[in-house]
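Down below is the structure, laid out as structure tokens.
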Amino acid sequence: MLRKQITGKYSVSGQISLDDVNTLAESGITLIISNRPDNEEEGQLAFADIAAAAKEKNIKAVHIPFSAGQMQSSDIEAFKEATKGSENIHAFCRTGKRASLIWEAANESSQKAKVNSVHFDVVIVGAGTAGISTAASLLKRKPNVTICLIDPASDHFYQPGWTLVGGGVFSAEKTRRNMADVIPKGVKWIKEAVDTFQPSDNKVTLGNGQEVTYQFLVVAAGIKLNWDAVEGLSETLGRNGVTSNYRYDLAPYTWELAQKLNTGKAIFTQPPMPIKCAGAPQKAMYLSCDHWFKQETLSNIDISFYNAGGVLFGVSEYVPALESYIKKYQIGTHFSHNLVKVDGPNKRAYFETKDGNDQAVIVEAEFDMLHVCPSQTAPDFIRNSPLVDAAGWVDVDKETLQHTSFSNIWSLGDVANSPNAKTMAAVRKQAPVVAQNISDSIEKRQINAIYDGYGSCPLTVEVGKIVLAEFAYGGVVMPTFPKWINDGSKATRLAWILKKDILPPFYWHGMLKGHEWFVKPKMRK
């Protein structure tokens, strides 16, 4: 037992054994608290056995179990009651972290200062595209509702524009605004991070200890780019020819590398799903290839696309158009190859795949330019919350976007587990649905607004042309415009104009302002 002394009278540790009970008794412990649920892992010693051993040593034992990230106010109150008047206390869980956190929450001497709680009708966690759009759409319906946006970020980004930054079309600064400038008027912005959720108490606790209570909660916390999932990647990003359009500060480096490369090897990667904007890794590749094609250096560059998936694009109707550009740019495709390691100084990339005997093998590839799309997960504070499914995404009904367990909670955008493509276009359809359903809930009406899974991916195959893929749940093609305006079977100039000239101002001045052009929510029949 590795024992950590929090104060002179309170210590914590990981799981204890019966022998540890004897050791604690010898050290003068009078109260043992377990913050670990029974059967949390195979072979775990039951609390009843520990309590029996403690009783033989005249030690009181109390069980206040909760899973990681799911501490409730009732747990804190039980802890306060159990420790009242007690001296020489030892608490344990699997690692000691929960035992430390509950002590912090229960004591005024905690490192987090006690801050008075505040209440709002609607609390929205995340001030990205999903959070702000939902707030704006809700205010259009309910101007008097009190809304709070919680997000520690100072900047707001139009992330779909980063592909064009990496292709030399946009400047990076064109995709950024001050967060304060895009928060809807009448919405309170709390510039803090969320620490924990207590859905049974209609409350979230912030990183500074402040408690924010709500009538309704919207979780729009986005997605985490897991750069560290690939060995050596974080250390070499932005140098040694390694770049990614998935970061604001790196997209300009993509264009710099494309301009400088006249001969050599260029590799573009795509990790396992889910990722936001599944077409973005290919867009970076096509725009770089278009530059080399126009500079007449394409034949001097060996271009490879390493995809952890098994197909070029998930909706088959759009694959022929993309394959024509794969052929035009002479791109070598490698499916079922997942990037696992990067050696930047020596310009080597390592991919895990399977050989002919279905055995895992590592394949090494040299590069002069490497564009990486990182693997992606829900943010840590979401994955450790009581709101998620087994995979760590917020668990919602895929149509209403209402939480499956907590009826006053909704989620949308990249963090929700609805089986749609994680794109801005999906959020554009989702935000009005959530706003309408919350508005109906406020009025105690039955919720009827539904999301059909719509998403779109403007696949930028060259400067001036785009294959505009639009689809709903199940990969069903769902075009917004008639075929004479946009034919998804081929790249078009009109789709390029939409992407480059129409969508950015539409985003800043329409979507973030609550204008629901072309996206009025569908209603159940």
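The values are calculated or read from the model by the stated rules, or taken from the named source; none is laboratory data. Nothing here was measured: the structure is a model prediction, and the numbers come from that model. Here the Cβ positions follow ideal geometry from the backbone for every residue, glycine too, while neighbour counts run over all protein chains shown.
One table, with the values for the structure above:
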{"quantity": "Qualifying residue in region 256-266 (condition: assigned by TED's automatic domain parsing to the domain that holds Lys347 and crowded, with 23+ Cβ neighbours inside 10 Å)", "calculated": "yes"}
{"quantity": "Qualifying residue in region 440-455 (condition: closer than 21 Å to Ile326 by Cα, in contact (Cβ under 8 Å) with a residue 24 or more places away in the chain and not acidic (Asp, Glu))", "calculated": "no"}
{"quantity": "Selection from region 340-365 of residues that are loosely packed, with under 13 Cβ neighbours inside 10 Å, in a strand (DSSP E or B) and either acidic (Asp, Glu) or on the phi > 0 side of the Ramachandran plot (or both)", "calculated": "Glu364"}
{"quantity": "Pairs with Cβ under 8 Å, 6+ apart, first in region 304-321 and free of Cβ contacts under 8 Å to residues at least 12 places away in the same chain, second aliphatic (A, V, I, L, M) and outside any strand (DSSP E or B)", "calculated": "Val319/Val311; Val319/Leu312"}
{"quantity": "Residues within region 41-71 that are β-branched (Val, Ile, Thr), under 22 Å from Glu26 (Cα atoms) and not in a strand (DSSP E or B), tallied", "calculated": "2"}
{"quantity": "Residue within region 86-96 that is part of a strand (DSSP E or B), crowded, with 20+ Cβ neighbours inside 10 Å and of a type in the set (Gly, Ala, Ser) present", "calculated": "yes"}
{"quantity": "Residue within region 19-38 that is under 35 Å from the mean Cα position of the chain (by Cα), farther than 30 Å from Pro199 by Cβ and modelled with pLDDT under 95 present", "calculated": "no"}
{"quantity": "Residues (part of a helix (DSSP H, G or I) and in contact with a Pro (Cβ under 9 Å, 6 or more places away or on another chain)) located in region 435-468", "calculated": "Ala435, Gln436, Asn437"}
{"quantity": "Single residue of Val415, Val394, Val361, Val461 found to be among the aliphatic types (A, V, I, L, M) and outside the structural domain of Gly475 (by TED's automatic domain parsing)", "calculated": "Val361"}
{"quantity": "Boolean, Pro184 is of a type outside the set (Lys, Arg), assigned to a loop (DSSP other than H, G, I, E, B), in contact (Cβ under 8 Å) with a residue 40 or more places away in the chain and farther than 30 Å from Cys373 by Cβ", "calculated": "yes"}
{"quantity": "Tally of residues being closer than 25 Å to Asn107 by Cα, out of contact with any strand residue (DSSP E or B) (no Cβ under 7 Å at 6 or more places or on another chain) and surrounded by 16 or more Cβ atoms within 10 Å (Cβ to Cβ) across region 1-35", "calculated": "1"}
{"quantity": "Candidates Ile183, Ile275, filtered to the one that is closer than 30 Å to Leu387 by Cβ, hydrophobic (A, V, I, L, M, F, W, C) and modelled with pLDDT under 95", "calculated": "Ile275"}
{"quantity": "Residues satisfying the stated conditions in region 469-512, i.e. in a helix (DSSP H, G or I), under 15 Å from Ala425 (Cβ atoms) and β-branched (Val, Ile, Thr)", "calculated": "Ile502"}
{"quantity": "Top-ranked residue of region 1-50 - restricted to ones that are among the polar types (S, T, N, Q) and touching a helix residue (DSSP H, G or I) at 6+ places or on another chain (Cβ under 9 Å), ranked as nearest to Ile76 (Cα to Cα)", "calculated": "Asn35"}
